[in-house]
Every structure is written in C-alpha cells, then in structure tokens.
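Taking it in order: structure first as structure tokens, then the write-up.
Derivation of every value follows stated rules applied to the coordinates shown; laboratory data play no part. From a predicted model like this one, the values you see are computed outputs, not experimental measurements. Don't worry about glycine lacking a Cβ; one is built from the backbone with ideal geometry, like all the others, and counts go over all protein chains shown.
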Amino acid sequence: MPEYKGVITTENRLWARSWDCISIKVVGTDGASQWKALSYLLSFPESDFEIEVDRSIGKLVLIELKKSSGILLPQDSWFPAKVELKSPEGKTFYFPIHRWITDDEVHQFREATACLVVDDTYPLAIQSRTEELKLRTEQYCWNIYAVGLPQCMKIDNVHTLPDEVRFSFTKEVEFGFTALQGLIELKLDGLADCKEKWTSIDAIGKVFRHKQTALSEYVQQNWMKDSLFGYQFLNGVNPMVIRCCSVLPENFPVTDQMVFLHGGKSLAEEMQNGNIFLCDYKLLDGLKANEVNGKQQYLMAPLVLLHKTPEDQLLPIAIQLKQEPSKDNPIFCPADSEYDWLLAKMFVRSADFQVHQLNSHFLRTHLLAEVFSVSILRNLPMVHPLYKLLVPNTRYTLQINFLARELLISDSGFFNKFTASGGEAMQMILQRANSSITYTSLCVRDDIKERGLESVPHFYYREDAFQIWDIINRFVQGVLGYYYKDDSDVQRDTELQTWVLEIFEHGFLSRPESGMPQRLNTVAELVKFVTMVIFTCSAQHGAVNNGQFDYGSWMPNTPTTLQRPPPTTKGTADERSLLETLPDVNATVHGMAVMYLLSKPSSDFVPFGHYPEEYFSEIVPRQQMHLFKGELGLLNSKIEARNLGLKIPYTFLDPALLENSVAI
Ligand code: FE2
C-alpha cells in the first residue's frame, strides 16, 4: 500500500510538548487517509511517523490534527510547529501550524503553498477556507472601547484571548505590567505613596540612580539646554509634531523685536528660507486637566517656534503656552529670565508627553496595529499570502493592548492617577487625534514631505525611517508581486478587499477625509498599503516607544503633569515656583517606573525581519525574506557606524533593536 513518511515538529518553547495522544489524517484531492494515532509521547522536538493509504489520494490539500487526553486526565496543551510529509512518489509537502492546540477538536491545516481565493478551486480546500474564516470571525469580534476611537478586539479578560495570539509563558511571567514591578527594579518602591513635593532638583537626582542608560544620564545633565530641547523635536521619542513654518499662525504673534535669530536675518526672511519651524499643541486646547493627589493639575496647549541656525542647530526662539494670545499669555523667549524660560519649556515638555503617549504612541501605533491585526485574523485564512506575510507583525499586540486598556488608561490606571491628561481630557485627546489621522501621515515619506522636513539636517528619524520604509517596500513588492501578477488579481481578491474595508470602517470609522483606502485597485496600491502596515507595527512603534526611559525617566525633562499654572507675567518665576510646579514624588516615581517597563525588551523578543515561524514554502518569498533580513542587517551596520560619530547616538530605528510587532 502507498505510504507517506512524515515528520511532526513541536515548537522549541516552554511547555510546548504534550503528553496527550496525537492523531493525524491526510487529505488529498482524490481522497483521505484513515486517522493515524501517533503516540502518547512524541519524541521532542521531531517525531517520525508513517501513514498508509489504500490508493493514491492525489495532491495533498490539508492535514487534520486531533489531540486527546487519556481517561480521567486533563487536556494538555501542545504547540506543534509544522508537519512535513513525503508522498510515495517522493514529493515533499509542508504544513505550517505554529499555534497552540489545547482542546480535543479536529484542527485543519492547509498545505503551505500560498493561494489566493480565486485560485482555490478544489471543493474541500474552499470548504476549509470558508470554515476557517467563519470560526475566526466568531473568535475575533470588533468592540467599541470608546466612541470616536479605533475599535478593538472584544475580550472580557486575557484568558479569553485565543491561544494563538496569547503571550508565551516566558513573556507572561516576565511581564507583569504592574507599576510595583518597575518601582522595585528601580528601587523606588519606598516613595510610591509619598505625596510630598520635591525640595530640590538634586533630591530628584538622588533617587534617579538605578538602571540608568547613557542617554538618560545625558538628559539629566543637559535637560535645561535649548539645544537638547530643540533636538528632541527631531530625534526624541516624538518626532511627529514639528513642521516647517512659512507663515506664522494668526494666534502666535511673534515679532522680530521678540526674537534673536543667529545670522542676523529677519523672521520673514528665515521663514522664506525654510529655517523656521513650528510645534503646535492645539490638540490640547480647552481641555479640563486632571487632579492628582486631590490637587488640580495644569495642561497647556503651547505653540513653539524654532530656528535652524547657520550652524544647523535647531533652537527654540519663542513659546506661547496657551492658544489665544493675550496680555496674560506672554510669549516667552530665551532672553527672558532663566526661570521664566525654563518653566515655559517645561510646560511644552509636559504637553509633548501627553501628545506623544496618547497620540503618537498609543493611538497611532498600538491601536492601529490592533485594527490591522484583528482585520487580518478575521479576513485572511492561513493559506493567504498576506496572512503568511503579516501574521508575524501581529504578535502579542492584542494582549499588550488589552493590558494597556486595563492597567494604564483605566480609571485606576497610571494615566488617570498621575498625568495631567488623565480623566476626561484623555478621551477628548484620543478622539480629536483620531478624527485627524490621515493615510498621508502614516506613510513616512509622504508625512515628512507634507510637514516640509525633507531637508532638515541631523534629522536621524527621517533618515532611518526612509531607509526602512524603502527596504520594507522592496520586500513587500518582492513577495506580493509573486502572487498578484496584475491589478485584476488585486481587484478580484475578495478576502483582501474585506481586510482593507474593515480597517477603514472599524479603525478609521469610515471617514473618507482620512484618505484611507476603502478598496485597493492596483498592485502598487496594495504594496504601499502593506508597507504602511508593516512600518507602523515595527519601525514607527520602535521610534516612539524605545526611547521612553532614555528621555522620560529624568522627570524634569518629561513631567507627566504640572501642578501650578504657568506664569501670566514675566519676571515672577524662581526656583521655588519651579519646584512647586513639578509633580509630587509619587507621580514622579510612578512615571519613571512606567517608562522603564514600557522600554524594556522581553527575552523572547523577535527582531525585525526575523521569521522563526516558517509560513511560506515557496522559493520566491523565502528568498525575499532572506534578502529583507540582509538589507536590515546592512542598515544596522550603517546606523551603528553613523552613531559612532554622534554625540547622541540615534538608535530608535536601528533594525536590530526593533521588533516585528507592537509587543510592548
Ligand atoms: Fe509601545
């Protein structure tokens, strides 16, 4: 009788091996095998088996796997990686799995060759595809977390997340996401309940000693300097606010008499030369600030004007802390008293913290990555090339976002307890930000052009992001170009079109003015869209996530809240009023702990462009993955070499330090 020789591989991870009895059935175009019981104890990690058939069953389409526990024994989880089968004719078929099997149901896994829905003609394959998506749309449902925000996945608690998208045991154990864990590691737990004010900047320095990085120490030493203040708008954790300014906003009446421009030119001349830049935090205008420790906090909506000097430094030249110009809303300048100017910059840094965390980080990377992920899991079957390409970019995102909603932005979470934008302001900021997201702003080359930042010197975020975007773009073109031969393949792919439409409807709330595609008509449109998805989940998240401890742990550089209103006249601020404005001790140390936890890579971190789980079997996509990894490796070397010559190395977009997905 014809015989298939098989190898079943269990994933090499904690608790992956099962003691249950595993059975397998092979299904081909002309028939199927009987169920074959393998063993109560598969040899680890690979186990050989043979399976006989009465006659040829044709081309293999799928396998079925079933796991059952012994009598009276509880179910034991199993994490198979793949099955390989060699046919009697000597042809090898490969079946990727890469997921937990925890129940005793029958699970089907398609042969690895990627297949678009229009090319899937065999009835059993079509049925398997339909059933897989039916199950997934029941498992992964959209949920409205708050009106006006991108929708998220509907889950009651972490334990109801499907196993395939849960943290590994390693990550689960390491990542408590509790402030206490961070406070203990930073040896700050003794200050967690202290509601006192700081008595001096030195006193903050005395507790800021553990787990420091070279950059956080640099920030501690230089936080008062205008050069570091300006530098952070380009290469800090939030390079998303700055834009070139060719005309002053009407509500920001800066005059030549107020500012000193290096090089002796007028403001109008320098605006014409493209050397004036604006950061406008109008997103925060008119919001009710939070209370912290029972005290009213203050949240400004500043406007900041910056000048690129002839020496190519970006320096702040004017700050107005509220949107409406008035006598009690002075425009502060570097020539003002030391404490006036320092306080004005601190209000800007605090405003930037809120906008960075809620808009640039949480909304534009975490929440969007969740939208992309849920839509992938609902609409693309495992055999779809886009599923194979994108599923590594969804790893851990659903769980990390659930935890963020439960522990960071919930009523008792860090944001509501210790930041100026906690409470009702937070929802307003997120809603306002979401209502203005555009497709242009998610595509970094278009975004930088739109903000007029193409020629700003020493803009390492732009330099590195452009290179990564282009590398992803070539990779996506190489993989998808193999499956979508012409535009009609894109137009006829109903699964792809539903994936895109659900992103538009559930993520971008059907706003046509967002410019987000509602359907894709060409291969070029598809490649750009998928490039944006991968870039957002990997590089963009790294750019706004990885430096949180570096720039944010020294509180005076990034106050999570401020508890005195800003001065309404010049010449009144002094060291005492500055210290009274800074957050209390408990707010400070909780902020440091959160920054620490959110910047800490886990030990099962998968570097960007690494694909330990093999979903593709064809040569072309596998070659493309190899090339992609190689190109990212070269970029890593280039960035490391460049950074050797920089006073502040820019590492946030170093591919070696990026992950495939939003996982932290
Ligand atoms: Fe993050």
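Okay, here's what the table says:
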read-out	value
Candidates 77, 87, 128, filtered to the one that is farther than 30 Å from residue 15 by Cα and surrounded by 15 or more Cβ atoms within 10 Å (Cβ to Cβ)	87
Scope the stretch 336-369; condition β-branched (Val, Ile, Thr) and within 18 Å of residue 225 (Cα to Cα); matching residues	348
Among (1) touching a residue at least 24 places away in the same chain (Cβ under 8 Å); (2) outside any helix (DSSP H, G or I), the one test that residue 256 misses	(1)
Residue, farthest from the ligand (Cβ to nearest atom), within the stretch 377-412, restricted to residues that are within 19 Å of the chain's Cα centre (by Cα) and among the β-branched types (Val, Ile, Thr)	391
Residue 323 among the polar types (S, T, N, Q) and in a loop (DSSP other than H, G, I, E, B)	yes
Qualifying residue in the stretch 602-614 (condition: within 19 Å of residue 97 (Cα to Cα) and either part of a helix (DSSP H, G or I) or of a type in the set (Ser, Thr, Tyr) (or both))	yes
Only one of 558, 498, 494, 522 that is under 30 Å from residue 348 (Cα atoms) and polar (S, T, N, Q)	558
When residues of the stretch 352-393 are limited to those that are of a type in the set (A, V, I, L, M) and outside any helix (DSSP H, G or I), the one nearest to residue 155 (Cα to Cα)	380
Only listed residue being touching a strand residue (DSSP E or B) at 6+ places or on another chain (Cβ under 7 Å) and either closer than 30 Å to residue 477 by Cα or touching a residue at least 12 places away in the same chain (Cβ under 8 Å) (or both), chosen from 548, 540, 563	563
Some residue of the stretch 308-317 being farther than 27 Å from residue 595 by Cβ, crowded, with 23+ Cβ neighbours inside 10 Å and away from the ligand (no atom under 16 Å from the Cβ)	yes
Helices (runs of 4 or more DSSP H) fully within the stretch 410-529 counting 2 or more residues that are more than 22 Å from residue 377 (Cα to Cα)	414-418, 424-435, 439-442, 444-450, 460-483, 487-491
Hits in the stretch 245-298 - residues which are touching a Leu at 6+ places or on another chain (Cβ under 7 Å) and at positive phi	none
Scan of the stretch 264-321 for residues that are of a type in the set (Gly, Ala, Ser) and under 18 Å from residue 452 (Cα atoms), ordered by number	268, 274
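This table checks each residue for (1) touching an Asp or Glu at 6+ places or on another chain (Cβ under 6 Å); (2) surrounded by fewer than 18 Cβ atoms within 10 Å (Cβ to Cβ).
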| site | (1), (2) |
| --- | --- |
| 5 | yes, yes |
| 8 | no, no |
| 11 | no, no |
| 20 | yes, no |
| 29 | no, yes |
| 34 | no, yes |
| 44 | no, yes |
| 50 | yes, yes |
